[in-house]
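A quick write-up on the structure given underneath.
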Amino acid sequence: MFDYDCNLHKCNFQIPDETLQSLFTKGSGQSWRNDLKEGDMVDALVHQYDRVRTSRGAGWSQAKIERADGDTLYLIFPTETKDADRPLDRWSVEIAPFESKTAETWEWKKTIKVDDELDARDDTFKWLKATIISIKEEVEDDGRTFPMACVGMRVYVPNGQRSDDRGNFDGWGDRFDE
């Protein structure tokens with residue numbers, strides 16, 4: 001009943017038996033899973049990897065069911081690279097009803113613009129103050145197009161300890177931009 005390959009299991013996350021059984025009980029609020037079919041949208045955990053394919057964690061994103069084969073749903077993430085695409089069991093804790101986990105985040109993402117300040121996580125999993133340096137459209141080989149932000153791990157302030165062509169800043173130089 002439990003997807004032993006999922007990240008939650010690898011991190012020793014266990015669902016209590018009574019909770020797991022409630023997923024399959026009529027009236028449990030999980031009946032929406034029975035109706036999932038090709039073309040439907042869901043929210044699903046997308047795994048983020050570093051350059052050597054070591055998992056850096058996961059976050060919720062929107063996915064489209066490309067194909068359904070019994071309880072296996074083949075998901076594509078239209079706004080992520082195709083590396084994110086993967087199959088998931090329809091009863092996995094890594095899927096949720098469409099926009100139940102992503103609506104607020106997606107609305108916020110639509111407002112992001114160059115020079116916005118935000119918190120960003122660097123390669124060492126440390127949260128830093130950051131600035132959006134640029135935004136451009138990325139096009140994948142399979143035709144997916146999505147905006148990609150270049151994030152500078154620095155904030156521009158009048159009395160910053162360092163400077164570049166944009167002004168004085170505190171934080172890291174452009175070689176650490178992601």
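The values are calculated or read from the model by the stated rules, or taken from the named source; none is laboratory data. Since the model is a prediction, treat every value here as computed from it, not as a measurement. All Cβ positions, even for glycine, are placed from backbone atoms using ideal geometry, and neighbour counts span all protein chains on display.
Worth pointing out:
- Positions within the stretch 88-126 being among the β-branched types (Val, Ile, Thr), in contact with a strand residue (DSSP E or B) (Cβ under 8 Å, 6 or more places away or on another chain) and closer than 14 Å to ALA58 by Cα, in sequence order: ILE95, THR102
- Residues of the stretch 93-114 satisfying the condition of being free of Cβ contacts under 8 Å to residues at least 40 places away in the same chain and not small (Gly, Ala, Ser): GLU104, GLU107, TRP108, LYS109, LYS110, THR111, ILE112, LYS113, VAL114
- Counting only strands (runs of 3 or more DSSP E) wholly contained in the stretch 50-154, the ones carrying 1 or more residues that are at pLDDT below 90 occupy 55-69, 117-121, 127-139, 145-152.
- Selected residue [without any contact (Cβ under 8 Å) to a residue 40 or more places away in the chain, within 18 Å of HIS47 (Cα to Cα) and surrounded by 11 or more Cβ atoms within 10 Å (Cβ to Cβ)] from ARG162, ARG90, ARG86, ARG166: ARG86
- Residue within the stretch 113-125 that is in the same structural domain as PHE169 (by TED's automatic domain parsing) and crowded, with 16+ Cβ neighbours inside 10 Å present: yes
- Residue in the stretch 32-40 that is surrounded by 14 or more Cβ atoms within 10 Å (Cβ to Cβ), modelled with pLDDT under 90 and in a loop (DSSP other than H, G, I, E, B) present: no
- ALA149 being surrounded by 13 or more Cβ atoms within 10 Å (Cβ to Cβ), within 22 Å of ALA84 (Cβ to Cβ) and among the hydrophobic types (A, V, I, L, M, F, W, C): yes
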